[in-house]
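Derivation of every value follows stated rules applied to the coordinates shown; laboratory data play no part. Worth saying up front: this structure is predicted, and the values here are computed from it rather than measured. Methodologically, a virtual Cβ is constructed for each residue, glycine included, from the backbone with ideal geometry; neighbour enumeration extends over all protein chains shown.
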Amino acid sequence: MSQADLTMEGHSGLIAGRAFSMPTKKLAMWLFIIADTMTFAACLVAYGFLRIGTANWPRPFHSITNVAVMTFILLTSSLTMLFGVQAAKAGDKAGAFRWTMITAAAGILFALGATAFESRSVRWTPEFLFALGWLVFVLSFGAIWLLYFLIRRAAATRVVSLFYLTPPVTALMAWSLFGERLAPLALVGMAVCVAGVFLVNWRIDGKNAR
């Protein structure tokens, strides 16, 4: 056995333990963005099916131009924030400050546009407070903390596989809380998702046991 083989064998545990050469927090943020993209994509697809299948679809309150402008401002602020982070990493304090101020200005412009087009009337009902608290504490702080915790305790592949349980769990919550009907095709899809996640984690456990 050569020295190179011995070196590779000695470092095999280190390579297998860390699948991606990036910090945990950065990996967690990328996984969160991917999960968020998948969620919004599912919402858009569902909206498209409902829109096509409904003859008398109500017209939206806002025009498509206003929505397009607000979306452009929101995406632009994300891009300028990325430029600011890159400038900060490069040690360009002036550039980081400039891009941060542009991002803040875009955020203020977005807030002003939302204020101009919205009615600004809020009904502080118990249902609204529960939904607001769920969004802030469970889906934001709780979800990010749980994502960090899982990445530190388990392999990245196992954590990513758990994202595919989001649609079945959401369907079950809608069924139990709001009385949504679960069609046979939906049950089949849920079973496929659960089986796929099980197979992925079973293969990981089998490889770790060897």
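Between Phe198 and Tyr164, 0.36 nm times their residue separation minus their Cα-Cα distance comes to what? Walk me through the intermediate numbers first.
Values: separation 34, 0.36 × 34 = 12.24 nm, distance 1.08 nm.
This chain segment gains 11.2 nm when fully extended.
What does the C-alpha gyration tensor say about the overall shape of region 33-174? Classify as rounded when a/c is under 1.5, otherwise prolate if a/b is larger than b/c, or oblate.
Oblate, since a/c reaches 1.5 and b/c is not below a/b.
Looking at the square roots a ≥ b ≥ c of the eigenvalues of the Cα gyration tensor of region 63-121, which shape do they give, rounded for a/c under 1.5, prolate if a/b is larger than b/c, or oblate?
Values: a/c = 4.56, a/b = 2.54, b/c = 1.80.
Prolate, because a/c is 1.5 or more and a/b exceeds b/c.
Using unit Cβ charges (K, R positive; D, E negative) and no other charged atoms, how large, in debye to the nearest 20, is the dipole of region 54-163 about its Cα centre?
Values: 9 positive and 3 negative charges, 59 e Å.
The calculated dipole for region 54-163 is roughly 280 debye.
Could you please state, rounded to a whole Å, how far the C-alpha centre of region 158-184 is from the C-alpha centre of region 79-113?
One Cα centre to the other: 38 Å.
Mind giving me the FRET efficiency for Val69 and Ala191? R0 is 30 Å, r the Cβ-Cβ distance, nearest 0.05 is fine. It would help to have the intermediate numbers written out before the result.
Values: r = 43 Å, r/R0 = 1.44.
After rounding to 0.05, the efficiency reads 0.10.
Assuming 0.36 nm per residue, please report the length gained on full extension of the stretch Val138 to Arg123 beyond their Cα-Cα distance. List each step's numbers first, then the result.
Details: separation 15, 0.36 × 15 = 5.40 nm, distance 2.17 nm.
The span from Val138 to Arg123 would gain 3.2 nm if fully extended.
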